[in-house]
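*Asks:* Attaching a single structure in structure tokens format; questions to follow.
The values are calculated or read from the model by the stated rules, or taken from the named source; none is laboratory data. The structure displayed is predicted, hence computed values, not measured ones. In this analysis, Cβ positions are derived from the backbone assuming ideal geometry, glycine residues included, and neighbour counts consider all displayed protein chains. Note: areas computed on protein heavy atoms with side chains; ligands, DNA, RNA excluded. Shrake-Rupley method; radii C 1.70, N 1.55, O 1.52, S 1.80 Å.
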Amino acid sequence: MRKGSQLSKTLKAIPLWGIALCSTSTVIHAFVGPSGGTGISPGPFEVAPLRLPKLSLKRVCHEESSWDYLFPGVAEGTKKRGAVSVVEEWLRKGLTVGILSGALAFAPCSVQPSWAENFGSMSDEQKAVAEAWRIVDSTFLDRTFNGQDWFKLRQDAVSKKYKNMEEAQAAIENLVGGLGDKYTRYLNPRKYDSIFSTATGNLVGVGVELSTTKDKSRVVAADVEANSPASKGGIQPRDVFLEVDGTRFDDGTATPDDVASKLRGPEGSKVGAVLQRGDDKKLDLILTRAPIKITSVKSYLSDKGGVKVGVVRIKSFSGTTAQTVAEKLDELKKKGAKSFVLDLRGNPGGLLPGGVDTASLFLEGNKPVVFVVNKKGVVDAQQTLNDGIDLDSPLAIYVDGNTASAAEVMTAALQENGRAVIVGEQTFGKGIVQTIRPLSNNNGGVGVTVARYETPQHHDINKQGIKVDIPVPADCESIDAVACLPSDIFKKL
């Protein structure tokens, strides 16, 4: 049994409603991936009320605590009482916290303005704009604010008279959009409510993961959840969505977000969908929306050149992923697996501790895993504490251009520590961290980039990705990942 830090024990002992998503685009109804692909409708990740995992890692914080990017305000308290007592105190007071991955963290609490002017004299619309400005001002990683006069922008935006809240929301979108960071964005009430529903486990949809074709012209089913309405209706991976609920999506401009927003809806309600399979077959379906339980880790036994190969497919990382992977490894070994493939294709990330702990299953103790750097330049160095459960089995990680964030953290950790061979295609390249904060009065929320991370060898993969050791096409049509790999792959491990 691996031991966790005192802080992780404290966190584990206290139930949290939290979610951390690795989002490389907007999360709508589901989960939008690096290419604009959205996750399972309504999300390819486990987001029931969760307990934070017992982390098998050390945190080495330089000069001052870097917990403030996860728990704003804790850094100051740790100088006097230590991180454990401060976080424990916060949690006992009922603060809802979501620890994040290279990703998103929920902090569903209202942020009140602290400037000296008469806040009470503002209109509701001006207050919403001022609140959004303050959230970005206090958390955004780029302290130059894209070279803009950030305070003047606030003055101009807050002093403007707005006819209605829609105008104020448009102003927030323009204000945040000018920061030059596509991940720092305004979420209108519909988008924010979708994320919140996902975070609280209220997942109702049809159970299909959405992505796009390589030319981005069509929205396709990337995966279908077992026993879901989509599965029962006959939808298969690579089916193209032409129409949902009377809205056409075959003009080349539709996004997974667009399709996802039509697929979701109240439990028990009906939704029509027209799909195309291959060149000529069309499916005209009526599906009944239902609660979706996402299976983020799957496994099966395969064979390559007479060698039994265990495959573990990880669709996203949550607080339970490492434990589930460990169980799958044990099951596969009992079936005779001697080598393993971790299939991370299309994995957009998830909870950072989930990626870190899963990597630690295969690493010796005292190995670096990731370095997280916040807006103040404070470095949180994370490394394994104890030996993992499998240090010797031949291991390959199968990735593609949609493998991102927490999935890249794990991939880089195993590659740069010499534990696994990386096959497939160069990864997406998302080395930054976001948090989502709500706005008061149901005015949506703001997603803000708050930190960045580096690999064990201090490489910054943001917008670069991770180069593979063995190039392999990632769009293999076989459902067996091993069938897509070269016949001599495990001889090279």
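*Asks:* Would you kindly state how much longer the chain becomes between S269 and S487 on full extension, computed as 0.36 nm times their sequence separation minus their alpha carbon distance, in nm to one decimal?
*Replies:* Stretched fully, the S269-S487 segment lengthens by 73.7 nm.
*Asks:* Trypsin sites (Lys or Arg not before Pro), restricted to region 438-493: which are DSSP loop and have at most 10 other Cβ atoms within 10 Å?
*Replies:* Passing both the DSSP loop test and the Cβ count: K463.
*Asks:* Can I ask one more? Quote the FRET efficiency, to the nearest 0.05, computed for K163 versus D303 with a Förster distance R0 of 51 Å and r equal to the Cβ-Cβ distance.
*Replies:* It comes to 0.15.
*Asks:* Going down the list K182/K270; K182/K375; K214/K315; K315/K335; K191/K282, which pairs span over 28 Å between their C-alpha atoms?
*Replies:* Beyond 28 Å: K182/K270; K191/K282.
*Asks:* So which aspartates and glutamates pass the test for K467, namely a Cα distance under 14 Å, with those fewer than 8 places away in the same chain ruled out?
*Replies:* D400, E408, E416, E425
*Asks:* Which order do R238, R154 take by accessible area at a 1.4 Å probe, largest first?
*Replies:* The residues order as R238, R154, largest area first.
*Asks:* Place a point 7 Å from Cα of S478 in the direction of its Cβ. Which residues in region 412-454 have their backbone N less than 19 Å from it?
*Replies:* 421-425
*Asks:* So, one more: Summing Lys, Arg as +1 and Asp, Glu as -1, what charge do residues with Cβ under 15 Å from the Cβ of R289 carry, R289 excluded?
*Replies:* In short, +2.
*Asks:* Sticking with this one: Any chance you could run the full-extension gain for Q155 through N227? It's 0.36 nm times the residue separation minus the Cα-Cα distance, nm to one decimal.
*Replies:* Fully extending the segment from Q155 to N227 adds 20.6 nm.
*Asks:* Round to the nearest 0.05 the FRET efficiency obtained for K293 and K376 when R0 = 41 Å and r is the Cβ-Cβ distance.
*Replies:* According to the calculation, E is roughly 0.55.
*Asks:* Please report the antiparallel percentage of DSSP beta bridges with both residues in region 341-422, rounded to the nearest 5.
*Replies:* Close to 50 percent.
*Asks:* OK, next. Ordered by packing density, taken as the mean number of other Cβ atoms within 10 Å over each peptide's residues, highest first, how do 482-488, 384-390 rank?
*Replies:* 384-390, 482-488
*Asks:* Now, a different point. Taking the Cα centroid of region 311-387 and of region 388-422, what is the distance between the two, rounded to the nearest whole Å?
*Replies:* When both Cα centres are located, 8 Å separates them.
*Asks:* Quick check on packing: order 179-192, 137-150 by the mean number of other C-beta atoms within 10 Å, highest mean leading.
*Replies:* Ranking the peptides 179-192, 137-150 by packing returns 179-192, 137-150.
*Asks:* Please give the length that would be gained between D460 and D137 if that part of the chain were fully extended, namely 0.36 nm times their separation in residues minus their C-alpha to C-alpha distance (nm, one decimal).
*Replies:* The span from D460 to D137 would gain 113.9 nm if fully extended.
*Asks:* Quick one: go through region 341-371 and flag any residue whose amide nitrogen is under 20 Å from the point 7 Å out along the Cα-to-Cβ line of K334.
*Replies:* Answer for region 341-371: 341.
*Asks:* Give the calculated FRET efficiency between D280 and T213 to the nearest 0.05, with a Förster radius of 22 Å applied to their Cβ-Cβ distance.
*Replies:* According to the calculation, E is roughly 0.80.
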